[in-house]
1. Pairing the Cα long axis of helix 198-216 with the longest principal axis of the chain, what angle in degrees results, from 0 to 90 and rounded to the nearest 10?
2. So, R0 is 22 Å and r is the distance between the beta-carbons of residue 58 and residue 168; what FRET efficiency does that work out to, to 0.05?
3. Taking the alpha-carbon set of the range 28-124, what are its Rg and Dmax in Å?
4. If you wrap a convex hull around the Cα atoms of the range 81-134, how much volume per residue is inside, in Å³?
5. Find the centroid of the Cα atoms in the range 133-188 and in the range 53-115, then give the distance between the two in whole Å.
6. Return 222, 266, 359 ranked ascending by Cβ neighbour count within 10 Å, so the fewest neighbours appear first.
7. Using the 10 angstrom Cβ neighbour count as an exposure proxy, how do 38, 151 rank, fewest first?
8. Can you grab the distance from the C-alpha centre of the range 249-275 to the C-alpha centre of the range 376-409, Å, no decimals?
């Protein structure tokens, strides 16, 4: 029998038909731990350097740095522990860097990642450089100047919204409006809010609302989208869209509520007002009274207290569990996983705190706007005047005056003295 015949025979007969191969059964934890050990046993993965663009950089209170390195085809999660991060060159989202370290697995998420021991700058990423260059050019043109923009009214009745009808951001916005002012009428102009063709379609949606405003009147327009990476939000940095929003803000109040609190796009600067989130945009456009504000703050404070307490209790339980795990598992790998997990728990508590503070800030902004709109000085500033007699009493009807009577007219700035003439006296 030749070698080729033996090979063919083995292919035909193996595995035996009467004895099928049985799959090995794993728990997810055991499988993930095994994969981590395989990474750490591969010497080629224990000292590598990777070049890419930094995105989604996050440094919680622990001082550890979590970020993503990406290129045009893929991305890699990275972590740099606080003792290394403190002495490393500073870097930020958009920077092109070379990161060195070893690959391993974060067991809780089943995610492989680079544990950075060193990092060096390699230039600024293309997207971030484009963003900064366009922002500087448009700002120099005066496109972002606040004096050219209309501000939202204190009590809007009809609001236009530009977003995708299928987004969670729209539902969040509508829930806030229903809770705070169910009498507000919402006019939706749908458009995709992510991807290459999104920018011109958002601009078309805004144009439809401007045409509607010309016939039926809108008090403000909200352009909203939930959070995402710089790539997800890139359509809101399109130059034509930014110029269109800036022009529209001179004819109609525009509120931009795109991304999360830390996300900034160029339409934030072109719009009349920026809100940190879609929900905050709805809060801003529907201010509440002083009593409602006080009650809301009390509820938020109570929820914040319970949330922090629950997160701290959960974190304490997780720390106890991780301490037990350290006693029986590989020290280095388990310690790396444990402190990253603790950071994720603390980040959840921090996000809850920041969200509450953001809502309070939006509440207070709305209250301040309402108080300004209803002040007597604001009424005078709009061109109205207060007429008083010589005793300082306000005159509301012409029937309350007499010919020859001295009156004082109070304006936004200063006061004019005058007297009443008899309208029936013939001229000359």
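1. 20
2. 0.50
3. Considering the range 28-124 through its Cα atoms, Rg and Dmax are 13.4, 41 Å.
4. 104
5. For the range 133-188 versus the range 53-115, the Cα centre distance is 35 Å.
6. If I rank by nearby Cβ atoms, fewest first, I get 359, 266, 222.
7. Placing the least packed residue first, the sequence is 38, 151.
8. 42
Coordinate-derived values only; no laboratory data. Owing to the predicted nature of the structure, the values given are computational and were not obtained by experimental measurement. All Cβ positions, even for glycine, are placed from backbone atoms using ideal geometry, and neighbour counts span all protein chains on display.
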